[in-house]
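Worksheet: the structure to be examined is printed underneath.
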Amino acid sequence: MTVNETNQHTAEAREPARTPEPPTQAPSPRPGLTVRDALRAERRNDRWVAAAWAVMMLAGFAMPYVLAAYPLQLAVQGTTMGLLAMSIGWLMRQTGRMSFGHAAFYGITAYATANLANHTGLSPLAAVGLGVLMGAGAAVVVALLTVRTPGISFAMLTLAIGMLIWVWAGQTPSVSGGFNGLNVTFEGDFLGRPAAKLINPVNAWPLAWIALMAGMALLWCLSRSRFGRRLTAIRENKERTTFSGHRTYPALVLAFVLSGLMAALAGAVSVLTTSFVSTDSLYWSTSGMALIVAVIGGIGSVMGPPAGAMAFIALQASLSASSHYQVVLGAVLIIVVVIAPGGAAELVKRTARTGARYLGADRHA
Amino acid sequence: MAVQLLNGLAFGVLLLVLSSGLALIFGLRGVVNFAHGALYMLAAYIGFSATTHLSFWAALVITPLALASLGIVLDRYGLRFLSHRAPLDMVLLTFGLTFVITDLVETVWGEQSRSLDPTAALAGSMSVFGVRYPTYRLFLIAVGLLVCVALVVWLRLSRTGLYIRASSSDRRVAAVFGVDVDRASAIVVGLGSGLAGLAGVLAGPYLSLSPNMGVEILIQTFIVVVVGGLGSLGGAMIAALVLGMANAIASVGFPSLSAYVPYALMLVMLLLRPQGFAGTRTA
């Protein structure tokens, strides 16, 4: 007991700046509440989340019948940004590591797909597949180099690597189209439809929506798996997890690569739905903005970051005429951080929990 | 070559002034201040207005004072209440502040870039080491180095400096020994913002003014602080000069590779010596 306590103290003294406990954890222990009860309550909760996901998935397909072309275009943009935000937010929640380099995987996939489609005559599907592989491959390399470093150093390392790639792209116009960007001409079919027509949001929407919802489901299941719990343990106390006999390095690498894969997917959706890539997609602020919307939406839930991204795109579009969207965005960000740490998702979750308790449905938790 | 080295030194000194403020704030508040670039940009515009209405010398005094007051207000009514939050929250908060300040500047001064001519006394060029070099840049180098030496001497020798160094190395223990850590923090955030103000005014006639100037230099400043050792003033000072010089040498020797230099420097440093040049010593 004494040893345990000293351990805890030194660990806390060494890293005073831990991320707050994720809201996914079981609520505070009560007398008589066993781990099994807590897990059962969690599973019951999961059933509701899965149902909400399925409803959302189906409702999403109705969007082209509800929205006009321009709002639908914005919604497609929102899913792209949402995928990127989700990848960064998930990594942050599961490992406590803040990446400023995910724009690299996003941009590399977009550029690789664009160049393969323009120069090699590969079918769009093959080009996208290879592009995603290259983005994920880059994530493997970055992961092997960086995941050992904790905290701010990790953020700065990923920033450095991302910016090196940005500089390279800026200086290699034959690949990147320089600062004018690169237009893509897709020839052939993508999953049974002409890929060039995906620039029309009515055609693009189902693809973007499925990508987002599939990514969301994958990350959600991973968070709940044994692997997800191990990552949480590593985040909370890496040393102790090592003492318990778990290898931390491969788990962290895998988490980073999965997150990078999701960012690569976002890049693929982006290039397919816009037929355009620019070097801005590699700049650090692409990661930075995705991080911001993830936090506004709430990284405690996988649905938070995409919701934040959609809200951001809508806000940006509705304020673009007045050109004051920056001050509104800044104010929203400051207010969320000060008043509602955990973002919109945490607010929703808290409301739901209160509501459930009010209805008496949540007797155990 | 001498001209290139002087150019490197001038840019290095600008980074030096800017990053010493950032390093001080990180050391004491543990805040990675993303708004530092925006404060610098705001200062450049305030300096621009002060120069056109009064004079450059007045701007050189007024702007740092204005920014320092802003910093103290920011600490007293903002950072103090959030000091128990996770560092990430502070990153996002200062990110938000950046947007607000940028929008403010664009509204007041417009989005187009502007330039400022140095005063008559500093216009023209002088002969140093056998080459002609703009007087203003020499002035910038002299002022920046002077301010930083004064800062280090003050931190080393004064009682307040001692308190600041104590609070920076261990906030709780310093508080137990009777140091008013909140006052020390307010002084440091004020001082750091004031230094960003000074850098902004000095940058006016040297670089061109645009609402993007803050973001452009912010990353370089981060690199300096990380390479120097997070929170270390001395390390940041050395790193600023190294980065300035490395930029200058690369732009002569390998022009096509010069843009990679700052990022490569940070990458290599973090991989080989994550604690930076100086570790976490304050001064």
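Just so it is clear, none of the values below were taken in a lab; they were calculated from the coordinates. As the structure is a prediction and not an experimental result, all values here were calculated from the model. Cβ: placed from backbone, ideal geometry, glycine included. Neighbour counts: every protein chain shown.
Brief remarks on what is shown
- Relative contact order of region B:1-83, pairs being alpha-carbon contacts under 8 Å that are 6 or more residues apart, as %: 17 percent
- Cut-off 14 Å (backbone N to label point 7 Å along Cα→Cβ of B:Ala142), residues of region B:169-211: none
- Rounded tilt (10° steps) of A:151-171 against the dominant C-alpha axis of chain A: 0 degrees
- Furthest towards positive pole of dipole, A:Val327, A:Met86, A:Ser225, structure part chain A, Cβ charges: A:Ser225
- Net charge dipole size for region B:2-212 [Lys, Arg +1 and Asp, Glu -1 on Cβ; Debye, nearest 20]: 580 debye
- Between region A:85-124 and region B:169-213, the alpha-carbon center distance in angstrom: 37 Å
- Most mobile listed residue (A:Ala41, A:Ala314, A:Ala251) in chain A, GNM with C-alpha springs under 10 Å: A:Ala41
- Within the listed set B:Ala59, B:Ala50, B:Ala250, the Gaussian network model of chain B (springs between alpha-carbon atoms below 10 Å) gives the highest mean-square fluctuation for B:Ala250.
- Annotation note: trypsin sites (Lys or Arg not before Pro) in region A:279-365 located in DSSP loop regions with a Cβ neighbour count of at most 16 within 10 Å are A:Arg363.
- The residue among A:Leu198, A:Leu72, A:Ala41 whose Cα reaches farthest toward the positive pole of the charge dipole of chain A, with charges on the beta-carbon of Lys, Arg, Asp and Glu, is A:Ala41.
- Each of A:Tyr70, B:Tyr133 was scored by other Cβ atoms within 10 Å of its Cβ. Arranged with the fewest first, they read A:Tyr70, B:Tyr133.
- To the nearest ten degrees, helix A:248-274 and the longest principal axis of the Cα atoms of chain A are 30 degrees apart.
- Structure-based [θ]222 nm, the protein assembly as shown - -39500 (n - 2.57) summed over DSSP H runs of at least 4, per residue, nearest 500: -24500 deg cm²/dmol
- Less than 5 angstrom separates the built amide H of B:Val128 from those of B:Tyr133, all sequence-distant by 5 or more or on a different chain.
- Whole-Hz ³J(HN,Hα) from phi, Karplus 6.51 cos²θ - 1.76 cosθ + 1.60, for region B:164-169, glycine and proline x: 5, 5, 5, 5, 6, 7
- Cα gyration tensor category, rounded, prolate or oblate, for the protein assembly as shown with a/c compared to 1.5: oblate
- In chain B, the longest principal axis of the Cα atoms and the axis of helix B:56-77 are about 20 degrees apart.
- Fewest-first sequence of A:Met310, A:Met86 by Cβ atoms within 10 Å of each Cβ: A:Met310, A:Met86
- Phi-based couplings in Hz for region B:97-114 (Karplus 6.51, -1.76, 1.60; Gly and Pro marked x): 4, 4, 4, 4, 5, 4, 5, 4, 5, 5, 6, 7, 9, x, 8, 6, 7, 10
- The alpha carbon centroids of region A:258-286 and region B:127-151 are separated by 44 Å.
- Dipole axis of region A:242-365 (+1 Lys, Arg; -1 Asp, Glu on Cβ), positive-most option in A:Gly245, A:Ala344, A:Gly297: A:Gly245
- With a simple spin-label model that places each label point 7 Å from the Cα along the Cα-to-Cβ direction, the separation between A:Phe243 and A:Cys221 comes to 3.5 nm.
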